[in-house]
Amino acid sequence: MSNLLSTNRPDPTAATSQTALRDLYRAARLIPYHGPYAAARLARIADQAEYFLQAWPLELWPVHTRSEWPVPAKDVLLAWLATAKQEAERYLPPANHPWTYAAWRQVTTTLLAALVPFN
């Protein structure tokens, strides 16, 4: 847990989750709205992030980021990820709604907000 402050005990699950969440954050930032399968890729990242957050032991949940910003509660971040995933899945084929810049921005902003504490 080199980047997050919670306890003095290192935990391989938390460390692995933190690394994975940081990598997912970086991957999500690189997906342009006009890219192929952008909605599907963002939904998949939200799904993967949800898995790693759920695996993180609650007793080792970080209190602050390395820049001393408070980390939201685990259930709050899980709700944000669920929202991002649900919004992205609305645009998967066969979609009744066109994938627009505004839709991409909304999904990406919610997804990145849930992942930024681990970056």
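Which angle from 0 to 90°, rounded to the nearest 10, does the C-alpha axis of helix 38-55 make with the longest principal axis of the chain?
It is inclined by approximately 20 degrees.
Take D47 and E68, extend 7 Å from each Cα along the Cα→Cβ direction, and tell me the distance between the two endpoints in nm.
4.1 nm
Round to the nearest 10 and give me the degree value, 0 to 90, for the angle of helix 101-115's Cα axis relative to the longest principal axis of the chain.
10 degrees
Return the Cα extents of segment 12-118 along principal axes one, two and three, sorted largest first, each rounded to a whole Å.
Principal-axis extents of the Cα atoms in segment 12-118, largest first: 43, 23, 20 Å.
Could you work out how much longer the chain between N119 and L30 gets when fully extended? Use 0.36 nm per residue separation minus the Cα distance between them, nm to one decimal. Walk me through the numbers before you get to the answer.
Working: separation 89, 0.36 × 89 = 32.04 nm, distance 1.43 nm.
Computed gain between N119 and L30 is 30.6 nm.
Helix 74-89 versus the longest principal axis of the chain: what is the Cα-based angle in degrees, 0 to 90, to the nearest 10?
That helix lies at roughly 20 degrees to the long axis.
For H64, enumerate residues with amide H under 5 Å from its amide H, sequence gap 5+ or separate chain, H modeled in the peptide plane.
For H64, the qualifying residues are L5, V71.
No lab work stands behind these numbers, since they all come straight from the coordinates. A quick note: this is a predicted structure, and the numbers were derived from the prediction, not measured. Cβ: placed from backbone, ideal geometry, glycine included. Neighbour counts: every protein chain shown.
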